[in-house]
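Student: Let me give you the structure first, and then I'll get to my questions.
Bear in mind that the values in this text are calculations on the coordinates, not laboratory data. Please read all numbers here as calculations on a predicted model, not as lab measurements. Here the Cβ positions follow ideal geometry from the backbone for every residue, glycine too, while neighbour counts run over all protein chains shown.
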Amino acid sequence: MFGVRPQHFINRDKRESWNPGEEGKGMQGGAMKTVVLWLCLLSAAGSSSGAAEFKCAEPPSAMKFSLTSYRNKTGHWKAQVQLEHRATEQDSAEWEVDIDHRVTPQYNGSDTILIVATVTVPPVGTAVVTPEAPKPVPEGYRKFSESDYFKVYAAENSWVPARDICQKEGAHLAVVNSEAEARFITSLWNSKSDWAFIGTHDLYEEGIYVTIYNQSLSAAGYDKWFLGEPNGGTAENCGVINRNTLLGNYFCNRHLPFICEFQN
C-alpha cells in the first residue's frame, strides 16, 4: 500500500489538475496489492458549478485513472471515478475501486473536500471462481437436508458391488453422521431384511471401523452399536445398520439391501 501526493495545481476555470509523475509505479505483482490515492484536501467555492478533475500519470501496468469531483444541480458534491487497465488472458479477476468522498462546510461559505480512492489489484493470473451449480439428484433419492439425499436399495447385493452401484450414480455408500440421520435412513426402509450395508468397514485394521473416507465413526458423528456388535472377528468386516438405527458388521460377500448417499 502506498500513497500518491499532488505535486502541483493549475487553476483554469475552476478546474484543477495534477500529475503524480513517476510516483505509484510497480503496481502489479504476485500478491494482492492495494493502491491508495490520497487526493488531498481541496477547498472549493460555494458556487453551484465548481468542479475538480484529477488524472493520474500512466504507470508501467498501463493503468489510466481519472476522478472528477463536481457539485450537482441540487448543490451536493459528487465524485466520479474511471479506471482503465491492461489485462492478459490470465488476468480474469476483477479490479476494485472504492471511493470515500467527504465534504466539510467551512465558516467562510466554502467546502473542504476529502476524496480517498482505493484501487485493489488481484494477483497476476488470479481467476474468478464461479460456484458450481448443484448436481441433479438421481432418481429415487429422498432429501434429508439441503446437501444430503438417501436411497435404500431393497435389491440385495454384496458390499463391493453395492459400493460400485452408488458410485455410478454419483453417490456413495451411506455414512451416518448423526442420530437424526440414522432415524431418517431407517424411515426409508423398504426391505424385509433387518440389516443393510452402509459405508463403514474394518478392512484396513481388524476391529478398527472407519468410514469409506477413512474417518473414525466417532469423528463422523455416529457410533451407536447394536448389543454385542461388532463381532465375527476377521470374517465380518463390512458395516451395516439395522431398522432400529443401530450399527453392526457383516460378511462382505453376503447379500443385503444397501443404502446410498448423494451429496450436493
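Student: Need one word for region 142-263: rounded, prolate or oblate. Basis is the Cα gyration tensor (sqrt eigenvalues a ≥ b ≥ c); a/c below 1.5 gives rounded, then a/b vs b/c decides.
Tutor: Taking the square roots of the gyration eigenvalues as a ≥ b ≥ c, region 142-263 is rounded.
Student: Here's something else I'd like to know. If R₀ is 22 angstrom, what is the calculated FRET efficiency for the pair ARG183 and TYR204, using the beta carbon separation as r and rounding to 0.05?
Tutor: Computed FRET efficiency for ARG183 and TYR204: 0.15.
Student: Still on this structure: Taking amide H atoms as placed 1.01 Å from N in the peptide plane, list the residues 5 or more away in sequence, or in a different chain, whose amide H sits under 5 Å from that of ARG142.
Tutor: PHE150, LYS151
Student: Can I ask one more? Along region 181-186, what does the Karplus equation 6.51 cos²θ - 1.76 cosθ + 1.60 (θ = phi - 60°) give for ³J(HN,Hα), rounded to whole Hz, x for Gly and Pro?
Tutor: 5, 4, 5, 5, 4, 6
Student: Here is a further query. Once amide H atoms are placed 1.01 Å from N in the peptide plane, what residues at a sequence separation of 5 or more from LYS64, or on another chain, have their amide H within under 5 Å of its amide H?
Tutor: Distant-sequence amide H within range of LYS64: GLU84, HIS85.
Student: Right, here's the next one. Quick one: Karplus J couplings for region 234-246, per residue in order, coefficients 6.51, -1.76, 1.60, θ = phi - 60°, nearest Hz, x for Gly and Pro?
Tutor: Working through the residues one at a time gives 6, 7, 10, 10, 10, x, 9, 10, 9, 5, 9, 6, 9 Hz.
Student: If you don't mind, there's one more thing I want to ask. Choose one of GLY207, ALA162, ASN177: the residue whose Cα lies farthest towards the positive end of the charge dipole of region 151-259 (beta-carbon charges +1 Lys, Arg; -1 Asp, Glu; about the Cα centre).
Tutor: ALA162
Student: Roughly how many nanometres apart are two label points built 7 Å out from the Cα toward the Cβ at LYS192 and THR112?
Tutor: Placing both labels 7 Å along Cα→Cβ, they lie 9.0 nm apart.
Student: Explain nothing, just compute: Karplus ³J(HN,Hα) = 6.51 cos²θ - 1.76 cosθ + 1.60, θ = phi - 60°, for every residue of region 188-199 in order, whole Hz, x for Gly and Pro.
Tutor: Couplings: 8, 4, 9, 10, 6, 5, 7, 10, 8, 5, 10, x Hz.
Student: Now, a different point. Between region 188-264 and region 135-183, how far is it from one alpha carbon centroid to the other, in angstrom?
Tutor: So the two Cα centres are separated by 13 Å.
Student: Provide the gained length on full extension for the span GLN80 to SER66, in nm with one decimal, where the gain is 0.36 nm per separating residue minus the Cα-Cα distance. Show your work: numbers first, answer last.
Tutor: Working: separation 14, 0.36 × 14 = 5.04 nm, distance 0.83 nm.
Full extension from GLN80 to SER66 adds 4.2 nm.
Student: Which pairs in the list LYS168/LYS224; LYS151/LYS192; LYS143/LYS168 are over 23 Å apart, alpha-carbon to alpha-carbon?
Tutor: Exceeds cut-off: LYS168/LYS224.
Student: Just subtract the alpha-carbon distance of TRP95 and ASN264 from 0.36 nm times their residue separation and send over the number in nm, one decimal. Each step should come with its number before you reach the end.
Tutor: Details: separation 169, 0.36 × 169 = 60.84 nm, distance 3.14 nm.
Full-extension gain reported as 57.7 nm.
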